[in-house]
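A.B. asks: Provided herewith is a single structure, encoded as structure tokens, for subsequent inquiry.
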Amino acid sequence: MQEQKILGIDVGASGIKGAVVDIDSGELLNERIRLETPDPATPGAMAETFAELVRQHDWKGLVGCGFPSIIKNGVAYSAANISEDWIGRNVVEIFSLACGCPVEVLNDADAAGLAEMQFGLGQGEMGTVLLITIGSGLGSALFVDGQLVPNTELGHIFLRNQKRVAEQYASNNARKREDLSWEEWGIRFNEYLQSIERVLNPDLILLGGGTSKRFDKYEGYLDLRTPVKPAELLNAAGTIGAATYAYQQSRKH
Ligand code: BGC
């Protein structure tokens, strides 16, 4: 049976957030519950927190999960902001064993992008649409004529004149860690988006993650040919997209 309500869980480097999602409307059916991501974010500790979130929803059905890593066939291939113990581990198996429910997993930024394309500003957008999530890291989701190109990691490109990858220079964590003003950070973020624009030439750039709420603070420092807009679903996108993905996968089985 295909579920119309699915528990979506957005696993992030700082918080693990969940809500039951109505698949038709993309609406959250309960106030999102947020638990702190354990530190260190090891598979065992995260699985316990994940299971606790499922328990708090008194949930027994399918769970969709966005996870901050390259994900192929349920396996994590990177770990920029979580414990390296995740690399090579099967996230689907670890989380479903811990919570006792079937789990579908995809990259967290890809999840946010799916939600934004289906229920937010990306609806009906053809061409190349890029969503960048700004949080502990920089995540990316790339769509071509509405189709997701999964596992792009555009937060990990090297920036010209920087001996570090983009997310170490222009993420929200970098802003906080280096105590940057919005102007200082906005200039860096603009440099980052310009590097992407130079090679990808998207038709639309959407900004997601917590920092997209503060768009008015840095909008003035962005100088791009491509239209840039804050995503509509803001923080809920990851949760909605995780549930949407699980639904899509359940229809394939
Ligand atoms: C990870 C991505 C993730 C992004 C946002 C990056 O550090 O490599 O997979 O999407 O953070 O969480």
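A.B. asks: State to the nearest 20 debye the size of the charge dipole of the chain about its Cα centre, where the only charges are +1 on K and R beta carbons and -1 on D and E beta carbons.
C.D. replies: Details: 23 positive and 33 negative charges, 62 e Å.
For this selection, approximately 300 debye.
A.B. asks: Sticking with this one: So who's got an amide H within less than 5 Å of the one on Ile70, skipping anything under 5 residues away but keeping other chains? H placed 1.01 Å off N, in plane.
C.D. replies: Tyr77, Ser78
A.B. asks: Do the alpha carbons of any pairs in Lys5/Lys176; Lys72/Lys176; Lys176/Lys229; Lys17/Lys72 sit beyond 29 Å of each other, and which pairs? Write down the numbers at each step before the final one.
C.D. replies: Details: Lys5/Lys176 37 Å; Lys72/Lys176 31 Å; Lys176/Lys229 23 Å; Lys17/Lys72 22 Å.
Too far apart for the 29 Å limit: Lys5/Lys176; Lys72/Lys176.
A.B. asks: Another one. Which trypsin sites (Lys or Arg not before Pro) in the stretch 186-253 sit in a loop by DSSP (not H, G, I, E or B) and have at most 13 other Cβ atoms within 10 Å of their own Cβ?
C.D. replies: Here the trypsin sites (Lys or Arg not before Pro) that fit, given the DSSP loop and packing criteria, are Arg225.
A.B. asks: Still on this structure, I have one more. Starting from the Cα of Arg225, step 7 Å toward the Cβ, then list every residue of the stretch 118-133 with an amide N under 17 Å from that point.
C.D. replies: Under 17 Å, as judged by backbone N against the label point of Arg225, lie 127-130 of the stretch 118-133.
A.B. asks: Sticking with this structure for a sec: Sort out for me the Cα centre separation of the stretch 40-90 from the stretch 219-235, rounded to whole Å.
C.D. replies: Rounded to whole Å, the Cα centres lie 30 Å apart.
A.B. asks: What area, in nm² and to one decimal, does the C-alpha convex hull of the stretch 171-253 cast on average over all directions? The partial results should precede the final answer.
C.D. replies: Working: hull surface 27.5 nm².
Averaged projected hull area, Cα only: 6.9 nm².
A.B. asks: Relative contact order of the stretch 66-190, please, whole-number percent, based on alpha carbon pairs below 8 angstrom and at least 6 residues apart.
C.D. replies: Once normalised by length, the contact order is 17 percent.
A.B. asks: Using square roots of five times the C-alpha gyration tensor eigenvalues, list the equivalent-ellipsoid semi-axes of the chain in whole Å, biggest first. Can you show the working numbers first?
C.D. replies: On the way: eigenvalues 164, 81, 50 Å².
Over the Cα atoms of the chain, the ellipsoid semi-axes are 29, 20, 16 Å.
A.B. asks: Under 5 Å between amide H atoms, partner at least 5 residues away or on a different chain: which partners does Leu233 have, H built in plane at 1.01 Å?
C.D. replies: Counting only residues 5 or more places away or on other chains, the set is Leu121.
A.B. asks: 5 Å is the cut-off here: which amide hydrogens, built 1.01 Å from N in the peptide plane, fall below it relative to Ala41, excluding neighbours closer than 5 in sequence?
C.D. replies: Here the answer is Ser83, since their amide H atoms fall under 5 Å of that of Ala41.
A.B. asks: Still on this structure, please answer the following. Classify the stretch 49-178: rounded, prolate or oblate, from the alpha-carbon gyration tensor (a ≥ b ≥ c, eigenvalue square roots; a/c under 1.5 rounded; otherwise prolate if a/b is larger than b/c)? Kindly include the intermediate steps, with their values, before the conclusion.
C.D. replies: Numbers: a/c = 1.95, a/b = 1.29, b/c = 1.51.
Since a/c reaches 1.5 but b/c is at least a/b, the shape of the stretch 49-178 is classed as oblate.
A.B. asks: Still on this model: Give the carbon-plus-sulfur fraction of the accessible surface of the chain in %, rounded to a whole number; probe 1.4 Å, heavy atoms of protein chains only. Present the calculation step by step, with values, prior to reporting the outcome.
C.D. replies: Working: 5270 of 11500 Å².
Using a 1.4 Å probe with all protein chains present, the chain comes out at 46 percent carbon and sulfur.
A.B. asks: Want the number for Asp24 to Gln4: 0.36 nm per residue separation, take away the alpha-carbon distance, what's left? The partial results should precede the final answer.
C.D. replies: Numbers: separation 20, 0.36 × 20 = 7.20 nm, distance 0.71 nm.
Length gained between Asp24 and Gln4: 6.5 nm.
A.B. asks: Mean separation of Cα pairs under 8 Å and 6+ residues apart, divided by the residue count of the chain: what relative contact order is that in percent? It would help to have the intermediate numbers written out before the result.
C.D. replies: Values: 551 pairs, mean separation 56.8, N = 253.
Relative contact order of the chain: 22 percent.
A.B. asks: Also: How far is it, in nm, from the label point at Asn161 to the one at Met126 when both lie 7 Å from their Cα along the line to the Cβ?
C.D. replies: Rounded to a tenth, the inter-label distance reads 3.9 nm.
A.B. asks: For Lys60, which aspartates and glutamates qualify as cross-link partners when the Cα separation must be under 17 Å and same-chain residues fewer than eight apart are set aside?
C.D. replies: Glu3, Asp22, Glu48, Glu52, Glu93, Glu104
A.B. asks: Tell me which DSSP H helices of the chain clear both cut-offs, 30 Å or more of axial length from alpha-carbon atoms and a mean Kyte-Doolittle hydropathy of at least 0.5.
C.D. replies: Values: long enough: none.
Taking the DSSP H segments of the chain (at least 30 Å long, mean hydropathy at least 0.5), we get none.
A.B. asks: What per residue convex hull volume, in Å³, comes out for the stretch 124-231 when only alpha-carbon positions are used? Please report the intermediate quantities before stating the final value.
C.D. replies: Numbers: hull volume 10.1 nm³, N = 108.
With only Cα atoms used, the stretch 124-231 gives 93 Å³ per residue.
A.B. asks: Further, regarding this structure: Per residue, how much accessible area does the chain have with a 1.4 Å probe, in Å²? Please report the intermediate quantities before stating the final value.
C.D. replies: Details: 11500 Å² over 253 residues.
Result: 45 Å² per residue.
A.B. asks: Just flag the chymotrypsin sites (Phe, Trp or Tyr not before Pro) in the stretch 70-171 sitting in loop per DSSP whose Cβ has no more than 16 other Cβ atoms within 10 Å. Before the final figure, lay out the partial values.
C.D. replies: Details: sites: Tyr77, Trp86, Phe95, Phe119, Phe143, Phe158, Tyr169; in loops: Tyr77.
Sparse-neighbourhood loop chymotrypsin sites (Phe, Trp or Tyr not before Pro): Tyr77.
A.B. asks: Divide by every residue of the chain the summed helix terms, -39500 (n - 2.57) for each DSSP H run of at least 4, and state the resulting mean residue ellipticity at 222 nm, rounded to the nearest 500 deg cm²/dmol. Each step should come with its number before you reach the end.
C.D. replies: Details: 8 runs with 85 residues, N = 253.
Helix contribution divided over all residues of the chain: -10000 deg cm²/dmol.
The values are calculated or read from the model by the stated rules, or taken from the named source; none is laboratory data. If you're wondering where the values come from, they're calculated on a predicted model, not measured in any experiment. Cβ atoms come from the backbone with ideal geometry, glycine included; neighbour counts cover every protein chain shown. Accessible surface areas use protein heavy atoms only, side chains included; no ligands, DNA or RNA. Shrake-Rupley method; radii C 1.70, N 1.55, O 1.52, S 1.80 Å.
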